[in-house]
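Contents: one structure, followed by commentary.
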Amino acid sequence: MKPYIYVTRKLPKEAIERFEAEFEINMWDYEDVPVPREILIKEAMKADALLTMLSDSIDETILNAGENLKVVANLAVGFDNINVEAANKRGIAVCNTPDVLTDTTADLAFSLLMATARRIVEAAEMVKQGEWKSWSPLLLAGSDIHHKTIGIVGMGKIGSAVARRATGFEMEILYHNRTRKPEVEKELGAVYSSFEDLVMKSDFIVCLTPLTNETRNLFTREVFKKMKSSAIFINVGRGPVVDEEALYEALVDGDIAAAGLDVFVKEPISAEHPLLKLSNVIAIPHIGSSSVETRVIMMKLCLENSKAVLNGEEPKTLVNKEWKALVK
Ligand code: DGY
């Protein structure tokens, strides 16, 4: 019997066909509807590998249900949706998709920054709604990007790629990270900064930090109050890093000028959410790595990682390095 891989969304045929000779691959029926939890539990009970989405909660119940489960391959670089500790306890490998999405996600982060600064969504809507009455000197005047200061919170690979893009706009680059990045300082002239200094001095604060116990609710009302009133806040990391109520108040009270958000505390965000009522907020549906090319590469990487583990080999992009010792 071939090892069984369950995929929690419908993926294009081209991503999986190469693996079908070796594995039995079954997918959830829909591309845009998440698999119901009861079905996920049933599938986990049968599966040797699960190919999961960042929107699936892979908690202890799912992991414990998987008696034969050897690997969870998550279609994302972030893996805060997976209980890695519980996976360790059961000797299950957890894999993600770093590197292959770095530039695509940095492109999105920078385009969200630009769209927010130059009010692109408002401008496009005005034209489409027939509300453009005349050219006028300050019509939808936004903020400059070039020669401004960008503060990157979370200087991993995506953060560095955003910083690289910022050099093209001759921006000053500040960054805050758990560890200093001498190579980024040398290559891009980025300056390490305390979190407080970064939020006070930056014109653009770009949040790319992963969600951990330390970063949950990092951006509070006090933090937004320290920002420049002209500051623009961009979040392409994870929603719960931000206290959304605090962000709303900061935008309404003029503590900051605008926000561009790709991620939210609860996804999908409700259309009734107060943040979405503000004209100085651009909200997009967690599409950081969503280019066709990159998503297909990510899907293949997930399957390659699953294949490696099921064949007793080390996967390319393993999250829980402890796994190697656990399976020996
Ligand atoms: C991920 O893959 O974790 C990011 O959210 C990119 O969209």
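The values are calculated or read from the model by the stated rules, or taken from the named source; none is laboratory data. These figures come from a predicted structure and were not determined experimentally. Methodologically, a virtual Cβ is constructed for each residue, glycine included, from the backbone with ideal geometry; neighbour enumeration extends over all protein chains shown. The area values use the complete protein model at the heavy-atom level, side chains included, leaving out ligands, DNA and RNA. Shrake-Rupley method; radii C 1.70, N 1.55, O 1.52, S 1.80 Å.
Springs between Cα atoms under 10 Å define the GNM used for the chain, and in it the highest mean-square fluctuation of Lys42, Lys307, Lys157 occurs at Lys42.
For the chain, a Gaussian network of Cα nodes joined below 10 Å ranks Arg216, Arg90, Arg178 by mean-square fluctuation, and the top entry is Arg178.
For Pro285, neighbours were defined as the other residues whose beta-carbon sits under 12 Å from its Cβ, and their charges (Lys and Arg +1, Asp and Glu -1) total -3. Net charge in the neighbourhood of Ser143 (other residues with Cβ under 10 Å of its Cβ; Lys, Arg +1, Asp, Glu -1) is +1. The slack in the chain from Val191 to Lys316, taken as 0.36 nm per residue of separation less the alpha-carbon distance, amounts to 41.8 nm. Beyond 22 Å between alpha-carbons counts as too far, so tell me which of Lys181/Lys266; Lys70/Lys321; Lys181/Lys316; Lys157/Lys316 fall in that bin. Among Lys181/Lys266; Lys70/Lys321; Lys181/Lys316; Lys157/Lys316, the Cα-Cα distance tops 22 Å for Lys181/Lys266; Lys181/Lys316. Taking every protein chain into account, the accessible area of region 1-83 amounts to 50 square angstrom per residue (probe 1.4 Å). Take every DSSP beta bridge whose two residues both sit in the chain; close to 5 percent of them are antiparallel.
With the whole protein complex present, Thr104 retains an accessible surface near 30 Å², based on a 1.4 Å probe.
Exposed loop sites here mean chymotrypsin sites (Phe, Trp or Tyr not before Pro) with a DSSP loop assignment and at most 14 other beta-carbon atoms within 10 Å; the chain contains its longest site-free run at 136-328. For the chain, the longest stretch holding no GluC sites (Glu not before Pro) located in a DSSP loop with at most 16 other Cβ atoms within 10 Å is which? It runs 68-130. When the chain is treated as a Gaussian network with alpha carbon springs shorter than 10 Å, the biggest mean-square fluctuation among Asn213, Asn64, Asn177 belongs to Asn213. Taking a straight line from the alpha carbon of Lys2, these aspartates and glutamates sit under 13 Å away, with near neighbours fewer than eight places off in the same chain left out: Glu20, Glu22, Glu24, Asp48. Both radii were evaluated on the Cα set of the chain; the Rg over Rh quotient, with Rh as the Kirkwood radius, amounts to 1.01. By how many degrees, between 0 and 90 and to the nearest 10, does the Cα long axis of helix 102-117 differ from the longest principal axis of the chain? Orientation of helix 102-117: about 30 degrees from the principal axis.
Inter-part distance, region 253-292 to region 6-44, computed on C-alpha centroids, equals 29 Å. Using R0 = 30 Å, the C-beta based FRET efficiency linking Lys277 and Thr61 works out to 0.25. With a cut-off of 13 Å between beta carbons, the residues surrounding Pro98 carry a summed charge of 0, where Lys and Arg count +1 and Asp and Glu -1.
Under the criterion of Cα pairs below 8 Å and six or more residues apart, the relative contact order for the chain equals 18 percent. Within the straight-line cut-off of under 30 Å between alpha carbons, the lysines reachable from Lys133 are Lys277, sequence neighbours fewer than 8 places apart in one chain being disregarded. Relative to the longest principal axis of the Cα atoms of the chain, the long axis of helix 157-167 makes an angle of roughly 30 degrees.
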